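Working notes, structure below.
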Amino acid sequence: MPRTEFIATGHHVPERVVANEELAEYWDTSDAWIRARSGIETRRWVEPRGETGSDLALEATRKALDSAGMPASALDCIIYATLSPEHYFPGGGVFLQRKLGVQGIPALDVRNQCSGFLYGLSIADGWIRTGQYRRVLLVGAEVHSLALEYDRPEGRNVGVLFGDGAGAAILGPTEDDSRGVLGVNLFADGRFAELLWVEGVGMRDSPWLTRTHLNEGKHYPRMAGREVFRHAVKLMPEALRALLDTERLGPSDIDLLVAHQANLRINEAVARQLGLDEGQVYNNVQRYGNTTAATIPIALDECVRSARLRRGDLLALVAFGSGFTWGSALVRW
């Protein structure tokens, strides 16, 4: 049975750079406040009525295809991870498929929020190992900026964290058993779903959308920040250690850790718990903020293009987010 390798990567972010100081126009905040709590300095936002999530995904995919020297027609399927779909339905995967001009291949949307890329990686790995598909496009794409709560003070709690962007990876089989995806561990615990969620609008209520929902802001995200932080810094290292143990490896074997880029303070705590030094960890949340399902593939592509990640390196991936869902992956690059 073959292993799954990363053939190529790509990413794309909007041109508009939004510094922390600009957010003081919307909320009671400051550059110092945001940096101290999240490490974020800037983020990228689309222009209103500008790029959509699938537009960002298209540009990221084109860069990955260029790097692979591969036409879009070589793709066998699309896995599209997002928490910010362009429409209630259908999912973004079919819009990306249409823009790529690859009608007929399957498009699967993954709605596991911050863990979406890892959940998608697990699916792609299974498909490739069993021979169902040979060229899988795995994308994480988000446009958060158009749906933030700008007109309420409580919108600050999550609004200062989010950015827009997309990352893509083309995956395929390799017969080299010393390389590729070694394993992916996935977890979920629905007991904590309400600690990071959008309560409405949805099919739980009847009618499913009312003026009251909108007036109460139930269509905006809510987060119990301290609880999310506490669980993230505990569960991400646990998930990675378990996978390392399965592969008879340890943290010292890791050449590069790319964690979900939600908060620099979370990632610093995760690295400390694993005993990793600065040279083993890559963070870019300072420049892009939290792009949810796109954070890992954006960071991964930056590492590939800057030669921070080299053939034979042991790559560790970890993520945590709404659900709660979380996971880890190990890849011999």
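The values are calculated or read from the model by the stated rules, or taken from the named source; none is laboratory data. Remember, it's a predicted structure, so these values are computed and weren't measured experimentally. Cβ sites come from the backbone with ideal geometry, for glycine too, and all protein chains shown count toward neighbours. Note: accessible area is taken over every heavy atom of the protein model, side chains too, but ligands, DNA and RNA are not part of it. Shrake-Rupley method; radii C 1.70, N 1.55, O 1.52, S 1.80 Å.
Among residues of the stretch 56-78 that are closer than 17 Å to F95 by Cβ, none has a Cβ under 8 angstrom from a residue that is at pLDDT below 95 and open to solvent by 10 Å² or more (accessible area, probe 1.4 Å) at a sequence gap of 6+ or on a separate chain.
When you scan the stretch 200-211, do you find a residue that is on the phi > 0 side of the Ramachandran plot, touching a Lys or Arg at 6+ places or on another chain (Cβ under 6 Å) and in contact (Cβ under 8 Å) with a residue 12 or more places away in the chain, even just one? No, that holds for no residue.
Within this structure, Y150 fails the test of being under 28 Å from L58 (Cβ atoms), modelled with pLDDT of 95 or more, open to solvent by 10 Å² or more (accessible area, probe 1.4 Å) and in contact with a helix residue (DSSP H, G or I) (Cβ under 9 Å, 6 or more places away or on another chain). Considering only the stretch 124-132, I want to know if a residue exists there that is buried (at least 22 other Cβ atoms within 10 Å of the Cβ), touching a strand residue (DSSP E or B) at 6+ places or on another chain (Cβ under 8 Å) and not in a helix (DSSP H, G or I). Scanning the stretch 124-132 turns up no residue that is buried (at least 22 other Cβ atoms within 10 Å of the Cβ), touching a strand residue (DSSP E or B) at 6+ places or on another chain (Cβ under 8 Å) and not in a helix (DSSP H, G or I). Restricted to the stretch 242-310, the set of helices (runs of 4 or more DSSP H) holding at least 3 residues that are in contact with a His (Cβ under 9 Å, 6 or more places away or on another chain) comprises 295-305. Highlighted here are the helices (runs of 4 or more DSSP H) found entirely within the stretch 1-114 that include at least 1 residues which are crowded, with 21+ Cβ neighbours inside 10 Å and within 18 Å of the chain's Cα centre (by Cα): 31-38, 53-68, 92-100. Could you run through the stretch 288-320 and say how many residues are on the phi > 0 side of the Ramachandran plot and surrounded by fewer than 24 Cβ atoms within 10 Å (Cβ to Cβ)? Of the residues in that region, 2 qualify. For the stretch 169-221, which residues satisfy the criterion of being assigned to a loop (DSSP other than H, G, I, E, B), open to solvent by 70 Å² or more (accessible area, probe 1.4 Å) and among the charged types (D, E, K, R)? Matches in the stretch 169-221: E175, D177, E199, R204, E216.
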